[in-house]
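Okay, structure first, notes after.
Please treat every number below as a calculation from the coordinates, not as lab data. The model shown is predicted, which means the values in this text are computed figures rather than measured ones. Positions of Cβ are backbone-derived with ideal geometry, glycine not excepted, and every protein chain shown enters the neighbour counts.
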Amino acid sequence: MRIRSVRMYRLRLPLVRPFRTSFGTSTAREALVLRIETDDAIGWAECAADPEPLYSEEFLDSASIVITDHLLPRLLAAGDTLTAADVARTLAPVSGHPMAKHVLETAVLDAELRAAGVSFAHRLGAVRPHVRAGVSVGIAESIPVLLDEVGAAVEQGYPRIKLKIEPGWDVEPVRAVREAFGDIDLQVDANAAYDGRDIEHLARLDAFDLVLIEQPFAENDLLTHAAATRRWATPVCLDESIRDVTTARTALHLGACSIINIKPARVGGYLHAVAVHDLAVAQGVPVWCGGMLETGIGRAGNVALAALAGFTLPGDVSASQRYYAEDITEPFVLRDGGLDVPSGPGLGVEVDPSVVAHWSVETRELIGSRR
Ligand code: NPQ
Ligand code: MG
């Protein structure tokens with residue numbers, strides 16, 4: 001495809017409630033949104049990176065520089081026969097930066113699929129029209145506040161609740177939620193806040209019949225995750241550690257997890273995400289789709305991915321209104337404990353240019369329509 005123009009917006013979308021994790025508190029989502037125009041269609045994608053390198057080493061300004069100075073020039077140099085399937089190989093000489101690569105591949109894929117009239121769900125291999133949705137509940141200021149938030153989510157019909165934990169906020173909040181809400185599907189996510197000295201402390205969570213514990217230890221500490229997998233009854237799930245198919249294969253070989261959280265942004269795009277899914281399915285490992293507080297653009301792709309056969313656990317794919325009063329696409333709405341998978345061409349959602357303009361703090365034309 002011939003890329004005629006590339007525009008990058010930096011958005012600042014207020015969150016309807018602050019979101020606190022072990023690595024910080026967010027009151028707004030800042031995102032890069034990319035719009036590429038080809039001869040046949042317009043493609044959209046968003047970058048999941050945050051302003052600060054806290055979840056992983058990427059951040060918005062690093063993504064912006066890598067895209068403009070190192071990735072986009074390579075895509076343009078590849079010429080007009082470039083397809084979405086070629087993007088990863090074309091960008092592979094650049095080391096790392098999966099979130100920056102993800103946004104370019106996704107925009108090209110969206111344009112390609114919109115032009116062909118094919119949905120993301122169909123292209124990725126989805127097998128269901130509706131996916132179950134979970135919520136991720138941030139660290140609260142007190143147990144009663146936490147119980148209020150969990151209660152509201154249960155009331156709305158979410159079939160699975162995930163609690164963010166950190167040292168000092170783990171066994172007691174889990175106990176309180178279990179006691180208040182009984183037999184709900186409950187899991188926890190530590191975002192790497194613990195280390196090997198905490199294995200015995202976290203073994204106390206075995207008493208609460210959790211679905212899983214997500215990323216208790218550092219991203220590169222597969223051996224401690226393997227030790228915990230042997231020690232705990234609670235299944236260990238990896239998020240930050242799984243950067244590609246290779247780390248997934250290594251983690252499974254070491255017994256460092258029994259469940260994988262797949263985030264397209266973290267593994268460098270939807271096509272890599274499908275490859276991690278396929279590996280997990282081949283090894284009988286359940287997967288679920290993680291989230292990065294995406295706008296409707298990223299949410300649409302994630303919902304399509306979550307519709308693949310191996311995604312047997314509910315994902316962090318909540319309704320838009322859980323995060324945003326006003327989204328940049330039509331909102332995703334909770335129905336029967338889940339979301340409908342878009343079936344229209346490409347991502348299957350329409351971006352509202354006036355809403356994008358309203359929340360943009362910066363707009364840059366990376367290449368014009370001069371070619
Ligand atoms: C996780 N996501 O599974 C991530 C953490 C995360 C839904 O829990 C801005 C602020 C962006 C906080 C992206 C969920 C973020 C963020 C991801 C937290 O680990
Ligand atoms: Mg996580």
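Just to verify a number: FRET efficiency for Val333 and Asp183, C-beta to C-beta distance, R0 = 25 Å, to 0.05? Between Val333 and Asp183 the formula returns 0.40. Working from label points 7 Å from Cα in the Cα-to-Cβ sense, the His130 to Gln156 distance is 1.8 nm.
Quick check: convex hull over the Cα atoms of region 314-366, volume per residue in Å³, rounded to an integer? All intermediate terms of the calculation are to be shown ahead of the outcome.
Numbers: hull volume 6.7 nm³, N = 53.
With only Cα atoms used, region 314-366 gives 127 Å³ per residue.
The orientation-averaged projected area of the convex hull spanned by the Cα atoms of the chain comes to 16.6 nm².
Placing a label point 7 Å from the Cα of Asn220 along the Cα-to-Cβ direction, the residues of region 87-118 with a backbone N closer than 17 Å are 95-98. Remark on Gly338: its backbone amide H falls under 5 Å from those of Ala133, a criterion applied only to residues 5 or more positions apart or on other chains, H modelled at 1.01 Å from N. Hey, in the GNM for the chain with a 10 angstrom Cα cutoff, which one of Arg249, Arg322, Arg197 fluctuates hardest? Largest GNM mean-square fluctuation: Arg197. Contact order, relative form, for the chain: 22 percent (alpha carbon pairs under 8 Å, 6 or more residues apart, mean separation divided by residue count). When the GluC sites (Glu not before Pro) in region 286-370 are filtered for DSSP coil states and for at most 16 other beta-carbon atoms within 10 Å of their beta-carbon, the remaining sites are Glu326, Glu350. 3J(HN,Hα) along region 176-189: 5, 5, 4, 5, 6, 10, x, 7, 6, 6, 10, 9, 10, 9 Hz, from the Karplus curve 6.51 cos²θ - 1.76 cosθ + 1.60 with θ = phi - 60°, whole Hz, x for Gly and Pro. Size descriptor for region 122-340, Kirkwood hydrodynamic radius: 17.5 Å (Cα pairs only, one decimal). Starting from the Cα gyration tensor of region 245-286, take the square roots of the eigenvalues, sort them a ≥ b ≥ c, and report rounded, prolate or oblate (rounded when a/c is under 1.5, otherwise prolate if a/b is larger than b/c, else oblate). Because a/c hits 1.5 or more and a/b exceeds b/c, region 245-286 counts as prolate. Converting the Cα gyration tensor eigenvalues of region 6-133 into ellipsoid dimensions via √(5λ) gives semi-axes, longest first, of 26, 20, 14 Å.
Would you please give the FRET efficiency between Asp340 and Asp86, computed as 1/(1 + (r/R0)^6) with r the Cβ-Cβ distance and R0 = 25 Å, to the nearest 0.05? Don't skip to the end; give the middle numbers.
Numbers: r = 31 Å, r/R0 = 1.24.
The pair Asp340/Asp86 has a calculated efficiency of 0.20.
On full extension, the segment bounded by Ala203 and Asp278 gains 23.9 nm, given 0.36 nm per residue less the C-alpha separation.
Output the relative contact order of region 122-340, whole-number percent, from Cα pairs under 8 angstrom with separation of 6+ residues. Could the numbers behind the result be given before it?
Numbers: 414 pairs, mean separation 49.4, N = 219.
Once divided by the residue count of region 122-340, the mean separation gives 23 percent.
A straight Cα-to-Cα reach below 14 Å connects Lys164 with the aspartates and glutamates Glu141, Glu149, Glu172, Asp189, Glu214, Asp239, Asp316, residues fewer than 8 places away in its own chain not being considered. Taking every DSSP beta bridge that has both ends in the chain, the antiparallel portion is near 60%. Using Cβ point charges alone (K and R +1, D and E -1), the dipole size of the chain about the Cα centre works out to roughly 740 debye. Note on region 122-340: antiparallel DSSP beta bridges, both residues inside, total approximately 20 percent of the bridges counted. Its Cα gyration tensor gives region 258-371 an equivalent ellipsoid. The semi-axes, each the square root of 5 times an eigenvalue, are 28, 18, 12 Å from largest down. Loop-located GluC sites (Glu not before Pro) in region 77-145 (DSSP state other than H, G, I, E, B) with a sparse environment of at most 11 neighbouring Cβ atoms within 10 Å: Glu141. Result for the chain in a Gaussian network model with C-alpha springs under 10 Å: among Leu279, Leu163, Leu293, the largest mean-square fluctuation is at Leu279. Return, ordered by residue number, the residues of region 294-327 whose backbone nitrogen is under 11 Å from a label point located 7 Å along Cα→Cβ of His358. It comes to 325-327, nothing else. Model label sites at Asp40 and His253, defined 7 Å from Cα along the beta-carbon direction, differ in position by 3.9 nm.
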